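Reading through the structure tokens given below for one structure.
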Amino acid sequence: MSNIDAESGKDIRLDFQKLRTVVACSEDVIPVIAQDTKSGRVLIVGYANQMALEKTLKSGKATFWSTSRDELWVKGESSGDVLLVDEVRVNCEQNALLYLCRLRGEGACHTRNSDGKARLSCFYRRIDGDALTFVDE
């Protein structure tokens, strides 16, 4: 399945092998949920290593470790859709982070909707029976 099929299609083809990619990356990482500070909407899920967390805390911009590209990734560096971090929270077991953010730009997702605009959140489809249905479009 291509990325285009996975990102734009209506077929359910969940990537249950994603954590294998995470395990195989060169860095020790933990999951990060980026959530809109005001609305509570989940924007994206990514991963952070120590360097990404330090850069986030210093710059105030959501920074992640890309497990697929094996490199540091500042959200919005190329797209202009920046996530400004108001607060970083840690879960009880200290193995996941929550970035409470404000979006500066069109959307948090790297994909585009049918109008060509960046989607507000990466969670733009829901499971509806045996297919995916687009929401907010």
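What lysines sit close enough to Lys58 to cross-link, taking a C-alpha to C-alpha distance under 19 Å and skipping anything fewer than 8 places away on the same chain? Cα-Cα hits under 19 Å: Lys75. Compared with the dominant principal axis of the Cα atoms in the chain, helix 50-59 is inclined by about 90°.
Note down the magnitude of the dipole of the chain about its Cα centre, charges +1 on Lys and Arg C-beta and -1 on Asp and Glu C-beta and zero elsewhere, to the nearest 20 debye.
Working: 19 positive and 21 negative charges, 57 e Å.
The calculated dipole for the chain is roughly 280 debye.
Accessible surface of the chain, 1.4 Å probe: 49 percent of it comes from carbon and sulfur atoms. In the chain, the DSSP-assigned H stretches of four residues or longer account for a calculated mean residue ellipticity at 222 nm of -4500 deg cm²/dmol, using -39500 (n - 2.57) per stretch and the full residue count as denominator. Phe134 contributes an accessible area of around 50 Å² to the protein surface, as traced by a 1.4 Å probe with all chains present.
Candidate values (1) 40, 32, 30; (2) 52, 37, 27; (3) 42, 41, 26 were compared with Cα extents along the principal axes in Å computed on the shown model; the agreeing label is (1).
A 1.4 Å probe, protein heavy atoms only, puts the accessible area of Ser8 near 60 Å². The 1.4 Å probe gives accessible areas that order Glu54, Glu71, largest first, as Glu54, Glu71.
Leaving ligands and nucleic acids out of the surface, order Asp36, Asp70, Asp136 by accessible area at 1.4 Å, largest first.
Numbers: Asp36 35, Asp70 65, Asp136 120 Å².
In descending accessible area the options line up as Asp136, Asp70, Asp36.
Across region 1-117, the relative contact order, built from alpha-carbon pairs under 8 Å that are at least six residues apart, equals 22 percent.
The values are calculated or read from the model by the stated rules, or taken from the named source; none is laboratory data. This is a predicted model, so every value here is computed, not measured. Positions of Cβ are generated from backbone atoms using ideal geometry, with glycine treated the same way; all protein chains shown enter the neighbour counts. Keep in mind that these areas ignore ligands, DNA and RNA; they rest on the heavy atoms of the full protein, side chains included. Shrake-Rupley method; radii C 1.70, N 1.55, O 1.52, S 1.80 Å.
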